[in-house]
Amino acid sequence: QVQLVESGGGLVQPGGSLRLSCAASTSIFSIAVMGWYRQAPGKERELVARILSDGVTNYVDSVKGRFTISRDNAKTTVALQMNSLKPEDTAVYYCHLHFLGATYWGQGTQVTVSS
């Protein structure tokens, strides 16, 4: 059973930074696609960033240049560094693992950007 546990959310002022981390308990971590999604109130869940097993990354346009996704296969963790945060980044952020058609989700962590 794959478990994903997020940490690092919280309240931050506009322009500030937060770092989210996700710890995965699975032996397939190094060959899985890892991602961060978010869901704001009244909106659909959207992909924010993902990182392939070879380190290739993809970002939604709205976070390009501000967010950075990274992975540590030895520690089976994936992180999302979020800089220059905006109020529209407010959402619950979810860690996601995808491998051979199977998907797993973390419980989510709240990020609130407000003055």
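Results, tabulated for the structure shown:
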item: 3J(HN,Hα) from dihedral phi, the stretch 47-52, Karplus parametrisation 6.51/-1.76/1.60, rounded to Hz, x for glycine, proline; result: 6, 9, 7, 9, 9, 7
item: Pairwise centroid distance, computed over Cα atoms, of the stretch 11-45 with the stretch 51-103, Å; result: 6
item: Cubic angstrom per residue, convex hull over Cα atoms of the stretch 48-115; result: 105
item: Solvent-accessible area per residue for the chain (1.4 angstrom probe, square angstrom); result: 52
item: Estimated distance in nm for a label pair at Q3 and N73, the labels positioned 7 Å out from Cα along Cα-to-Cβ; result: 2.4
item: Table column - 3J(HN,Hα) (Hz), the stretch 99-110, Karplus curve with 6.51, -1.76, 1.60, x for Gly and Pro; result: 8, 6, x, 8, 10, 9, 10, x, 7, x, 9, 7
item: For the stretch 1-112, size of Cβ-based charge dipole, Lys and Arg +1, Asp and Glu -1, in debye; result: 100
item: Contact order normalised by residue count of the chain, Cα under 8 Å, 6+ apart, percent; result: 36
item: Gain on full stretching of the segment that runs from T26 to E44 - 0.36 nm per residue minus C-alpha separation; result: 3.7 nm
item: Cα-only radius of gyration and Dmax that characterise the chain, units Å; result: 13.3, 42
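The values are calculated or read from the model by the stated rules, or taken from the named source; none is laboratory data. Just so we're clear, the structure is a prediction, and the values are computed from it rather than from any experiment. Heads up, the Cβs are rebuilt from the backbone with ideal geometry, glycines too, and the neighbour counts pull from every protein chain shown. What goes into the accessible areas is simple: the full protein's heavy atoms, side chains included, and nothing from ligands, DNA or RNA. Shrake-Rupley method; radii C 1.70, N 1.55, O 1.52, S 1.80 Å.
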